[in-house]
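Below is one structure, written out as structure tokens; the observations come after it.
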Amino acid sequence: LLVLQAAIWQALNHYAYRDAVFLAERLYAEVHSEEALFLLATCYYRSGKAYKAYRLLKGHSCTTPQCKYLLAKCCVDLSKLAEGEQILSGGVLNKQKSHDDIVMEFGDSACFTLSLLGHVYCKTDRLAKGSECYQKSLSLNPFLWSPFESLCEIGEKPDPDQTFKLTSLQNFSSCLPNTCTTLVSNHSISHRQPETVLMETPQDTIELNRINLESSNSKYSSLNTDSSVSYIDPAVISPDSLGSGTAMFSKPPQNKPKTGRSLLGGPAALTPLTPSFGILPLDTPSPGDGSYLQNYTNSSSVIDVPATGAPSKKAVSRISQAGTKSVFSQSGNSREVTPIFAQTQSSGPQTSTTPQVLSPTIAAPPNALPRRSSRLFTSDSSTTKENSKKLKMKFPPKIPNRKTKSKTNKGGITQPNINDSLEITKLDSSIISEGKISTVTPQIQAFTLQKAAAEGLMSLLRDMGKGYLALCSYNCKEAISILSHLPSHHYNTGWVLCQIGRAYFELAEYMQAERIFSEVRRIENYRVEGMEIYSTTLWHLQKDVALSVLSKDLTDMDKNSPEAWCAAGNCFSLQREHDIAIKFFQRAIQVDPNYAYAYTLLGHEFVLTEELDKALACFRNAIRVNPRHYNAWYGLGMIYYKQEKFSLAEMHFQKALDINPQSSVLLCHIGVVQHALKKSEKALDTLNKAINIDPKNPLCKFHRASVLFANEKYKSALQELEELKQIVPKESLVYFLIGKVYKKLGQTHLALMNFSWAMDLDPKGANNQIKEAIDKRYLPDDEEPITQEEQISESGTDESQESSMTDADDTQLHAVESDEF
Amino acid sequence: MTTPNKTPPGADPKQLERTGTVREIGSQAVWSLSSCKPGFGVDQLRDDNLETYWQSDGSQPHLVNIQFRRKTTVKTLCIYADYKSDESYTPSKISVRVGNNFHNLQEIRQLELVEPSGWIHVPLTDTHKKPIRTFMIQIAVLANHQNGRDTHMRQIKVYTPVEESSIGKFPRCTTIDFMMYRTIR
């Protein structure tokens, strides 16, 4: 049975879901244990069929925390929020469990449980409870980014400094999968937890390295026959002992390494691949040997990591890790890619062989930093099967356990252990592979190293947290500056650049935003998150070719992402094909009904097609999904403005402003509305504020001029307009307004001149208002005006012309706008 | 005078749409016909396809009624007629009437077509040269070429002027610099 379990985990690790599912079904048929149930459900979930896992788990009793967690996750995925909540916390009607109860029940996976629960609360409008859950989750595991992100998004202001710190060892260990530790059941592994962390701290680049401990383990096992080290149970290591292996592997899976950060190397000898973190030499035989394995690269090439320094300093004494050496050697051969320097602390199986692989240069390790290479966390050594128990891995971490098959010991599978840390792509987290430390000293050393590496990670997270928080509170300039100070290898990643791009977008600096986003497209062209903002930026800049290319690329790449359809809709909206744009936005909503921006864009399209009721409904939907979506509040305000319900409009604009106080466009609109409500003083104040915030916004000046004009302050209006003329010399509106001012001032010659300039600048000649303005000027006179008008207007089509108008221009000339000034 | 000039074809209305000054609103109206041959009805008149057409099947005048849910500003009507393909089915005299309902219609325009071969733009303006505001438009075909009884009409489009979307009652801005700041999307 254990063999079967091992086989299943191995299949899972290799993404061979059909195999895994098949075997798991047989296992479950054989043994109706809850563990087998969990394993089967995991196989279903990982292969993408959450509904199968859901129905399976529902049909049977789930008492273990893992099963419950997985069932709750399935419920949430299938939008059965009430049910999910009930499973996790007892539901609305029953007595609810307190957070502490949850922590006790779920143990290491409590942080993920609470995060999930927080998500449920937030989606069901209980933001306070949700935020509490998120906070607790973060306090349990500061490596989690998504609770922090969610907190920022709902408007809370979590303090990154408080959140991302390693308070105690306890914390540390609980975050990381214990798996590492487990192994060694026999040995008191000091903690697996701390995987070898790269000390990169200074730079924060911490690579998480998933050294596949497992694999290493397995290797080790095979390798180490002598297993001198007690640590690793030979049994564990030996492939044959699957059973034992299971024991080994079963590391305390509890944590679901969601973040994948913590990857603890698999059991015992995890030989950390060389993460950038320091490597602890694994030398089983005697800790004394100082072989430090500081960095060793699996591949022959040693990577030099820019020494961030810290880790290297520590002489990593060897942690006698068995096998690490051997592992290394193995891995060394295995090429693998991102050679990660790992400070392998992992207690790999100790092999007496000194790692040749390691290029133990003490100096070397330190820099290993940021190897961003894949950080794998093998932590779960779960790998494999065993974890079944506790592992609730949500993510299909590739558990590199090949352990079970370690028989073959193929070399270097270790590499494969690299699991992608999903979120870690952006962050390098140092993964520390736990190594078992045979001796105390090495243990402590290893631990310290790990801690240092984790500190580095925390520091990175703190900075990013601050940047993200600033962005969510729309302190865009600050966000940009914080994020720009990240180390360059982090800065040049999709996530960071997208946030910066978004910050520029919110500041209405569309040129800058476009520049940044095109960089994102260049380095990470598989990224869709954030591309909707890029598409709107291009829409504002009216770059139809670029927008069309973007939307085609995105829709080709991922038809299931709302961002791609939003981009397509924006593209057609720019071409003024509103019906098609509406279709695409509706498709975006179909693909993801919880995506607020799609509703907002759809609302804007409906406004453009004058279907104001539908537009109102869309904006309201957007707000339902995300109450902090200030664009939707703005949209509502615009509709009320069009319907001339000015006080309602002002109220909604104000709500939008409360969320995003530094938007000069919003302030400009509020100013105009206030003017419409006859509160001209306030209007001027607001417009002044807008100009102060963003002096580059020409519309603010324009509207200020028009307010002044309406209040008969002609001189100041003219002054404003003259300045504006300098800034935007080709804008016909400016001349138009100047003309009106002169007209009022009685300087008809200048007025006429400006009107004619305005008409010249208006390429379509469709601004009948201008013509009218000229016309009205001459209203008292009879024929004169007409001839004048004819001279001024473009073609001399006149009313008397027979029916068929052949020219579009004619049409325009005939249809005169009735808007009055 | 002796040989009437042929009616020259107008520009494709799609181009009009792209200027952003007008918007097609036929989809917001209810269309009805005085008569039609099965398979050649309203759908063929509104399908954006110049190959398909409406063929009437009754006595003259043939009517196309366009009724809006609310009083709408209409700037232009575009009709596609092609003498070469329709010959005696091509309308030659069209009257455009507007009003609140069937009993309230008033003719505002009459067109004479002579061997048309494309789009015909019919601006609809009132006495003050502004686009009309109406609940209903009726297009009546009073006579066809060669005195044909029934008529073919290939496509009809109704355009309304686009309202300024920015705030303030100003004409539209012309430069991107202004337009960028006009709205939050």
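The values are calculated or read from the model by the stated rules, or taken from the named source; none is laboratory data. Because the structure is predicted, anything quoted here is derived from the model rather than measured. Note that we place each Cβ from the backbone using ideal geometry, even for glycine, and neighbour counts take in every protein chain shown. Ligands, DNA and RNA are stripped out before the accessible areas are found, and what is left, the full protein with its side chains, is counted by its heavy atoms. Shrake-Rupley method; radii C 1.70, N 1.55, O 1.52, S 1.80 Å.
Reported count of residues in region A:485-508, each being open to solvent by 10 Å² or more (accessible area, probe 1.4 Å) and touching a Leu at 6+ places or on another chain (Cβ under 6 Å), is 1. Is it true that some residue in region A:614-622 is open to solvent by 20 Å² or more (accessible area, probe 1.4 Å) and under 23 Å from A:Leu151 (Cα atoms)? Yes.
Against the condition within 14 Å of chain A (Cβ to nearest Cβ) and either within 14 Å of the chain's Cα centre (by Cα) or of a type in the set (Asp, Glu) (or both), how does B:Asp43 come out, does it pass?
Working: within 14 Å of chain A (Cβ to nearest Cβ): no; either within 14 Å of the chain's Cα centre (by Cα) or of a type in the set (Asp, Glu) (or both): yes.
Spelling it out, it is not the case that B:Asp43 is within 14 Å of chain A (Cβ to nearest Cβ) and either within 14 Å of the chain's Cα centre (by Cα) or of a type in the set (Asp, Glu) (or both).
Residue check: A:Val665 meets all listed conditions (1) in the same structural domain as A:Asn711 (by the TED database); (2) more than 21 Å from A:Ile533 (Cβ to Cβ) but one, namely (2). Put simply, of B:Gly58, B:Gly20 the only residue that is within 14 Å of chain A (Cβ to nearest Cβ) and either in contact (Cβ under 8 Å) with a residue 24 or more places away in the chain or of a type in the set (Lys, Arg) (or both) is B:Gly20. From the set of residues in region A:510-519 that are surrounded by 20 or more Cβ atoms within 10 Å (Cβ to Cβ) and within 14 Å of chain B (Cβ to nearest Cβ), which is nearest to A:Ile693 (Cα to Cα)? Result: A:Tyr510.
Applying the criterion of being hydrophobic (A, V, I, L, M, F, W, C) and under 16 Å from B:Gln110 (Cβ atoms) to the residues of region B:136-151, the residue that is most open to solvent (accessible area, probe 1.4 Å) is B:Leu142.
For the residues A:Tyr526, A:Tyr534, the requirement of being among the hydroxyl-bearing types (Ser, Thr, Tyr), outside any helix (DSSP H, G or I) and out of contact with any strand residue (DSSP E or B) (no Cβ under 8 Å at 6 or more places or on another chain) singles out A:Tyr526. Considering region A:440-472, and only residues there that are under 23 Å from A:Pro627 (Cα atoms) and in contact with a Lys or Arg (Cβ under 7 Å, 6 or more places away or on another chain), the residue that is least open to solvent (accessible area, probe 1.4 Å) turns out to be A:Leu471. Identify, from the list B:Arg172, B:Arg133, B:Arg154, the residue that is within 14 Å of chain A (Cβ to nearest Cβ) and surrounded by 19 or more Cβ atoms within 10 Å (Cβ to Cβ). It is B:Arg172. For region A:753-770, filtered to residues that are crowded, with 19+ Cβ neighbours inside 10 Å and at pLDDT 70 or above, the residue that is farthest from the other protein chains (Cβ to nearest Cβ) is A:Asn754. Of all residues in region A:48-63, those satisfying the criterion of being open to solvent by 40 Å² or more (accessible area, probe 1.4 Å) and part of a loop (DSSP other than H, G, I, E, B) are A:Gly48, A:Lys49, A:His60, A:Ser61, A:Thr63.
If you check A:Ala676, A:Ala683, A:Ala705, A:Ala717, which single one turns out to be away from chain B (no Cβ under 12 Å) and either of a type in the set (A, V, I, L, M, F, W, C) or crowded, with 18+ Cβ neighbours inside 10 Å (or both)? Of A:Ala676, A:Ala683, A:Ala705, A:Ala717, the one residue that is away from chain B (no Cβ under 12 Å) and either of a type in the set (A, V, I, L, M, F, W, C) or crowded, with 18+ Cβ neighbours inside 10 Å (or both) is A:Ala717.
Taken over region A:639-659, the criterion of being within 9 Å of another protein chain (Cβ to nearest Cβ) and either in contact (Cβ under 8 Å) with a residue 60 or more places away in the chain or over 16 Å from A:Ala683 (Cα atoms) (or both) is satisfied by A:Lys642, A:Ala656. Here the condition is being modelled with pLDDT of 95 or more and hydroxyl-bearing (Ser, Thr, Tyr); of A:Thr600, A:Thr609, it holds for A:Thr600 alone.
The set of residues in region A:482-508 being touching a residue at least 40 places away in the same chain (Cβ under 8 Å) and within 14 Å of another protein chain (Cβ to nearest Cβ) consists of A:Glu506, A:Leu507, A:Ala508. Total residues in region A:539-557 satisfying the condition of being of a type in the set (Lys, Arg) and either touching a helix residue (DSSP H, G or I) at 6+ places or on another chain (Cβ under 7 Å) or part of a helix (DSSP H, G or I) (or both): the figure is 1.
Can you pull out every residue in region A:72-81 that is surrounded by fewer than 23 Cβ atoms within 10 Å (Cβ to Cβ) and in a helix (DSSP H, G or I)? Before the answer, list the steps.
Of the residues in region A:72-81, the ones surrounded by fewer than 23 Cβ atoms within 10 Å (Cβ to Cβ) are A:76-81.
Residues satisfying the conditions are A:Val76, A:Asp77, A:Leu81.
For (1) touching a residue at least 12 places away in the same chain (Cβ under 8 Å); (2) closer than 21 Å to A:Cys668 by Cβ; (3) touching a His at 6+ places or on another chain (Cβ under 9 Å), each residue gets a yes or a no:
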| residue | (1), (2), (3) |
| --- | --- |
| A:Ser706 | yes, yes, yes |
| A:Phe709 | yes, yes, no |
| A:Lys713 | no, yes, no |
| A:Glu731 | yes, yes, no |
| A:Leu737 | yes, yes, no |
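The residues listed here are B:Leu105, B:Leu142; of these, the one that is at pLDDT 90 or above and either under 24 Å from B:Thr160 (Cβ atoms) or of a type in the set (Phe, Trp, Tyr) (or both) is B:Leu105.
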